[in-house]
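Participant: Let me give you the structure first, and then I'll get to my questions.
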Amino acid sequence: MSALAYDGLAMAGRQLRRVRNNPGLAVLTQLMPVNMLLFFGYVFGSALTVSGREYRSFLVPGLLVATAAGGLMTGMFQAAQDTHRGVTDRLRTMPVSRAAVPLGQAAADLVVTSAGTVPLLLTGLAVGWRVEGSAAGAAGAVALLLFFRFACTCAGILLGLLSRSEEAAGLLGSASFVLPLLSNAYIPTDRLPGWLRTLAEWNPISALTTALRSLFGNAPVPDGAAWPVAHPVAGSLAWCLLLTAVFLPLAVRRYARAE
């Protein structure tokens, strides 16, 4: 086993123990999307209409993507904690691969996210959502979802390493909650004003949400949308590759550079 793989597994194990030692936060994080599904699905769902579709089936893929985008906040907060509590400096003094620390954090986050997605999927099935496409399409949707979570976590790790304090990272991370609101995760974008629709459709969350709805067989690809939404699988892959290619090397470089 290479040094990077060995060190990465060690760092991932550290992050998983961190989650185990703070179970309340993990449970709260996992229950929040379920609460949002019930709230949006039954409170707002009675007032919102989606042409030819039941709103809760429309909503579940959007919430899955919004949860994946939460990797931005989680990565930011955990990296900021390590940075401002001296953990990062201690790790820099150890014979550990510099790339292993960000990669281990992102890998552990994928494990936690995979487990945390199960309650949301079960709740979605309970309220009427179904996988109406093929098994291969559903597997592709899950793979895209995890790839997007990884990319968002990498971006969050870099921002956490750059943060001036834990409080600043927490505030900036909380502000990321608005990103799904500027997308098609909760509402269709075809009724938005022109400039706002363009902004929403170039949001990576919109491309991934459309890809999941298509791969799960819940909704067709909308006509007349911007390129990432009109070609959602290709658009999602392009966004994920771009975010990972930009933020992962920068996170490794920032981690390796002592202040």
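Participant: Counting other Cβ atoms within 10 Å, keep those with at most 16, restrict to DSSP loop, and tell me which GluC sites (Glu not before Pro) in segment 124-187 are left.
Facilitator: Details: sites: 132, 166, 167; in loops: 132.
Loop-located and lightly packed - 132.
Participant: Next question, about the same structure. Could you identify which residue out of 222, 95, 249 has the top mean-square fluctuation in a GNM of the chain using Cα springs shorter than 10 Å?
Facilitator: Evaluated over the chain, the most mobile residue of the options is 95.
Participant: Which whole-number percent is the relative contact order of the chain (Cα, under 8 Å, 6+ apart)? Walk me through the numbers before you get to the answer.
Facilitator: On the way: 358 pairs, mean separation 70.3, N = 259.
Relative contact order here is 27 percent.
Participant: May I pose another question? Taking a ≥ b ≥ c as the square roots of the Cα gyration tensor eigenvalues, with a/c under 1.5 meaning rounded and otherwise prolate when a/b beats b/c, else oblate, which class fits segment 195-258? List each step's numbers first, then the result.
Facilitator: Values: a/c = 3.71, a/b = 2.24, b/c = 1.65.
The shape class here is prolate.
Participant: Where does helix 23-39 land angle-wise versus the long Cα axis of the chain, in degrees 0 to 90, nearest 10?
Facilitator: Computed tilt is about 10 degrees.
Participant: For the chain, build the charge dipole from Cβ charges (+1 Lys, Arg; -1 Asp, Glu) around the Cα centre, then report which of 252, 10, 79 sits farthest towards its positive end.
Facilitator: So the residue we want is 10.
Participant: Continuing with this model, one more query. Which one of 246, 43, 65 has the biggest mean-square fluctuation once the chain is modelled by GNM with Cα springs under 10 Å?
Facilitator: Result for the chain, Cα springs under 10 Å: 43 fluctuates most.
Participant: Also, I was wondering about something else. Around residue 130, which amide H atoms from residues at least 5 apart in sequence, or from another chain, sit under 5 Å from its own amide H, with H modelled in the peptide plane?
Facilitator: Those lying under 5 Å, H to H, from residue 130: there are none.
Participant: Next up: Under 1.5 on a/c is rounded, so check that first for segment 20-174, then, if it is not, pick prolate when a/b is larger than b/c and oblate when it is not; a ≥ b ≥ c are the square roots of the alpha carbon gyration tensor eigenvalues. If you can, show how the numbers build up before the last one.
Facilitator: Details: a/c = 2.67, a/b = 1.97, b/c = 1.36.
The shape class here is prolate.
Participant: Compute the signed sum of charges (Lys and Arg +1, Asp and Glu -1) over the other residues within less than 12 Å, Cβ to Cβ, of residue 65.
Facilitator: Working: positive: 149, 213; negative: none.
Net local charge, residue 65 excluded: +2.
None of the figures in this text is laboratory data; all of them are computed from the coordinates on show. Keep in mind that what you see is a predicted model, and the values were worked out from it rather than measured. Neighbour counts are summed over all protein chains in view; Cβ atoms, including those assigned to glycine, are modelled from backbone coordinates with ideal geometry.
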